[in-house]
Amino acid sequence: MTDRIGPAAHLLVTGGAGFIGSELVRQVLARRDGTRITVLDKLTYAGNRANLAAVEDDPEQAARFAFVRGDIADPVVVDPLVAAADAVLNVAAETHVDRSILDPEAFLRTSVIGVHVLLEAIRRETERARAGGRPAAPRLLQVSTDEVYGDIPSGHSVETDPLAPRSPYAAAKASSELLVRAYHVTYGLDAVITRGSNTYGPHQHPEKLIPLFTTNALAGEPLPMYGDGMQIRDWLHVADHAAGIDFVLRHGAPGEAYNVAGGHLLPNREVIEMLLAAAGRDWSLVRTVPDRPGHDRRYAMDGSRLAALGWRPARTFDEGLAETVAWYRDHPDWVASARSGDWDSYYQRQYGARLAAGRAVDEAP
Ligand code: NAD
Ligand code: DAU
């Protein structure tokens, strides 16, 4: 199979200081195949330069790496970076559903205005390539999510299903996809989309279920389980998610979307049970608290389009979860830094009243 991106390409990775973006950067540069990467990241509360320390501390990798702090919605920063890139991987987004319910605006700024700025820059470079001003147009890989399909009570979503987002976060992500598709159809941009499922692993901000419950369990603090805890998610290890994105970048057909499914569908209660066992804690810490508004009950994707192209995830959830819990136990400084800034006020706003209304959960699932 031919690679659409050569081994010594220059990649622009937006959001590369976040959870999935930094894994992608570490993974690609560790191949030592000459690939160069520039990260553009705004360093919001979710971005952390320390996630890139493995790259910046390695002289051979550091020589192929550059970091720019900036916003994808700022054309002054974006335009020259896109002009210098062979491919743009847009991993940047505001990513937490609960925060999108509290304050949607930042989600729209990044996933609508920011994506539009990227698309305009890629459109100009595509025209420049057509005019002979550069060897090839830059390829865009837009990182999306299974949440764009909405709640899936039964069966599995396939890539041709309609988008039916139900939270401000998911609506913002679906908007990005629609813009990317429109620019592919109208201006002929070479663009591909990945739709990943719920991702877990080291370096994930502790606002999300697995790192929040792990760090709270390790500290002996209550675990706020929304509603009955029987919501279903499909868990994908971050190393697999990054590998899937890299594979689609190299082998995806222009204009197509690809589900990156984890293949580990579990109700939240089962995830909590496994996590408590790995952390050496029990159900006495779990509280059932008032549910997330509009909470999607189930996500499930069919990964056969990507499997037919030659890629499937490699990690098992049991091993991945145990390693993840151990990583959080072994990195208290990283956790403390992620829980600085606006963390206490966010936690109070999101969980204060919920925990006050919460009840103990006696039974394991
Ligand atoms: P994250 O919140 O850990 O990281 C997001 C990164 O983007 C941060 O480094 C942040 O500083 C940066 N960023 C935010 N707004 C920016 C802007 N305007 N300009 C430049 N940088 C900006 O997120 P994540 O969990 O790593 O998710 C990465 C991508 O993967 C997102 O697009 C998300 O929608 C998608 N995704 C995530 C999951 C998951 O379970 N985490 C699953 C499927 C898809
Ligand atoms: O499905 C992919 C998506 O997964 C990504 O696109 C998002 O960026 C990512 O945040 C994630 O969204 P979810 O809303 O599914 O993940 P979260 O970790 O917030 O919640 C997972 C499940 O756990 C969900 O059913 C809500 C529940 N939950 C979550 C939190 C934070 C709780 O019960 N209590 C909590 O405190």
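Odds and ends about this structure:
- Think of segment 149-302 as a dipole: +1 on every Lys or Arg Cβ, -1 on every Asp or Glu Cβ, centred on the Cα centre; then among GLY244, PRO293, PRO254, PRO293 lies furthest on the positive end.
- Theoretical FRET efficiency, 1/(1+(r/R0)^6), r = Cβ-Cβ of ILE113 and ALA50, R0 45 Å, to 0.05: 0.95
- In the chain, the DSSP beta bridges split such that about 10 percent are antiparallel, to the nearest 5.
- To the nearest 10, the accessible area of SER304 is 70 Å² with a 1.4 Å probe.
- For LEU140, the amide hydrogen comes within under 5 Å of the amide hydrogens of VAL88, ASP190, ALA191, VAL192, counting only partners 5 or more places away or on other chains and with H modelled in the peptide plane.
- Stretching ALA307 away from ASP362 to a fully extended chain increases their span by 15.7 nm, per 0.36 nm per residue minus the current alpha-carbon distance.
- Computed FRET value (nearest 0.05) for ASP58 with SER340, which takes r as the C-beta separation and R₀ as 30 Å: 0.65
- Carbon/sulfur fraction of accessible area - segment 186-330, other protein chains in place, 1.4 Å, %: 50
- Peptide packing for 125-134, 285-294, 31-40 was compared via the average number of neighbouring C-beta atoms within 10 Å per residue; ordered from the highest value, the list is 31-40, 285-294, 125-134.
- Using a Förster distance of 22 Å, the FRET efficiency for TYR226-ARG329 (Cβ separation, nearest 0.05): 0.35
- With contacts taken as Cα pairs under 8 Å at a separation of at least 6 residues, the chain carries a relative contact order of 17 percent.
- Solvent-accessible area of MET274, all protein chains in place: 50 Å² (probe radius 1.4 Å, heavy atoms, ligands and nucleic acids excluded).
- Segment ALA277-VAL185, length gained on full extension (0.36 nm per residue, minus Cα span): 28.1 nm
- Accessible area per residue in Å² at 1.4 Å probe, computed on the chain: 40
- Amide H within-cut-off set for VAL260, under 5 Å, with H built and near neighbours excluded: ARG195, GLY196, SER197
- A cut-off of 5 Å between modelled amide H atoms, ignoring neighbours fewer than 5 places along the same chain, links ARG36 with ALA9, HIS10, LEU11.
- The value for segment 78-234 of Rg(Cα) / (2.2 N^0.38 Å) is 1.22.
- Highest-first packing order for the peptide set 147-156, 195-204, 41-50 is 195-204, 41-50, 147-156, based on the mean count of other beta carbon atoms within 10 Å.
- For GLU319, solvent-accessible area (1.4 Å; no DNA, RNA or ligand), Å²: 120
The values are calculated or read from the model by the stated rules, or taken from the named source; none is laboratory data. Model, not experiment: these values are computed from the prediction. With ideal geometry, Cβ positions are generated from the backbone for all residues, glycine too; neighbour counts draw on all protein chains shown. Protein only, heavy atoms only, side chains kept; ligands, DNA and RNA dropped before computing areas. Shrake-Rupley method; radii C 1.70, N 1.55, O 1.52, S 1.80 Å.
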